[in-house]
Amino acid sequence: MRIDILTVVPELLESPFAHSIIRRAKAKGIVELEVHNIRDYATGKRRHVDDYAFSGDAGMVMMIEPVYRAITELKSRRAYDEVIYTSPDGELFGQKEANRLSTLDGIIILCGHYKGIDHRIREHLITREISIGDYVLTGGELAAAVICDAAIRLLPGALGDESSALSDSFQDNLLAPPVYTRPAEFNGWKVPEILLQGNAAAIDRWKFEQSVERTGRLRPGLL
Ligand code: ADE
């Protein structure tokens with residue numbers, strides 16, 4: 001999978017992709033991920049990427065030309081399945097969309113910033129608009145990191161144990177069951193007896209019951 005991210009603050013995306021599972025997925029060639037500074041596509045002495053809104057409203061608007069140039073150049077090198085824009089008024093992101101994105105060959109993610117982008121970019125260049133929640137971030141970079149993380153960890157070979165993504169919360173509309181490790185008792189706090197008895201079928205049944213109980217209690221809307 002190939003992911004190209006366009007941002008005016010590339011520094012915000014250094015750490016999320018430099019550690020753990022995502023770093024390993026990059027090193028193994030499971031994902032090619034490149035962050036591009038939109039300013040590199042700006043012209044003029046000051047390389048402006050934002051300008052005042054025609055409406056006279058407060059706040060700057062991301063200009064059309066640098067973004068257009070960046071997307072056009074990327075598209076001239078390879079084909080992309082989606083050009084995503086991160087914005088609080090996009091479609092709400094969830095596990096289903098993470099699953100879908102993880103099956104694509106190439107995506108561009110444009111991170112919104114300032115008061116937003118010139119709307120013509122959304123009309124003519126963007127194929128999907130994604131929000132990661134009903135709250136407003138200072139920019140779309142953290143949203144892009146969330147989207148990439150959720151999709152990349154699903155790529156074959158990204159997780160050490162292939163089966164572990166299948167048992168994630170949300171994969172079957174159920175929250176994951178609780179997990180425990182050694183010691184079996186700490187401070188008098190005990191691991192559920194059933195997990196210590198080695199009966200795989202009984203453990204599976206217990207896990208399912210726990211998932212259903214937790215989902216009903218914590219996220220009844222999922223059931
Ligand atoms: N940019 C600002 N807030 C956002 C959000 N909630 N989701 C995606 N992008 C955003």
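The values are calculated or read from the model by the stated rules, or taken from the named source; none is laboratory data. Quick caveat: nothing in here was measured; it's all calculated off a predicted structure. Cβ atoms come from the backbone with ideal geometry, glycine included; neighbour counts cover every protein chain shown. Areas reflect the complete protein model, heavy atoms only, side chains present, ligands, DNA and RNA absent. Shrake-Rupley method; radii C 1.70, N 1.55, O 1.52, S 1.80 Å.
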R0 of 25 Å, Cβ-Cβ distance D161-E14: FRET efficiency to nearest 0.05: 0.35
Antiparallel DSSP beta bridges within segment 2-152, percent to nearest 5: 10
Contact order relative to length of segment 1-121, as percent, for alpha carbon pairs under 8 angstrom and 6 or more apart: 34
Distant-in-sequence amide H partners of L6 (H built 1.01 Å from N, under 5 Å): H36, I109, L110, C111
The chain, relative contact order [Cα under 8 Å, separation at least 6], %: 21
Separation in nanometres of the label points that stand 7 Å from Cα toward Cβ, at N187 and R205: 3.3
Potential lengthening between Y180 and V212 on full extension [0.36 nm per residue; Cα-Cα distance subtracted]: 9.7 nm
On Cα atoms only, tilt of 141-152 relative to the major axis of the chain in degrees: 50
Apportionment of accessible area to carbon and sulfur, the chain, percent (1.4 Å): 52
Largest to smallest accessible area among Y114, Y52, Y68 [probe 1.4 Å]: Y52, Y68, Y114
Cα-based helix-to-principal-axis angle, 64-77 vs the chain, degrees rounded to 10: 70
Probe 1.4 Å, accessible area per residue of segment 2-152, Å²: 53
Cα Rg, Dmax, the chain, angstrom units: 21.5, 71
Accessible-area order (highest first, 1.4 angstrom probe) of the listed residues R217, R2, R23, R153: R217, R23, R153, R2
Segments 54-67, 119-132 sorted - mean Cβ within 10 Å per residue, highest first: 119-132, 54-67
Order of exposure, largest accessible area first, which applies to K96, K75, K45, K115 with probe 1.4 Å: K45, K96, K115, K75
Net dipole in debye of segment 60-138 [+1 Lys, Arg Cβ; -1 Asp, Glu Cβ; about Cα centre; nearest 20]: 220
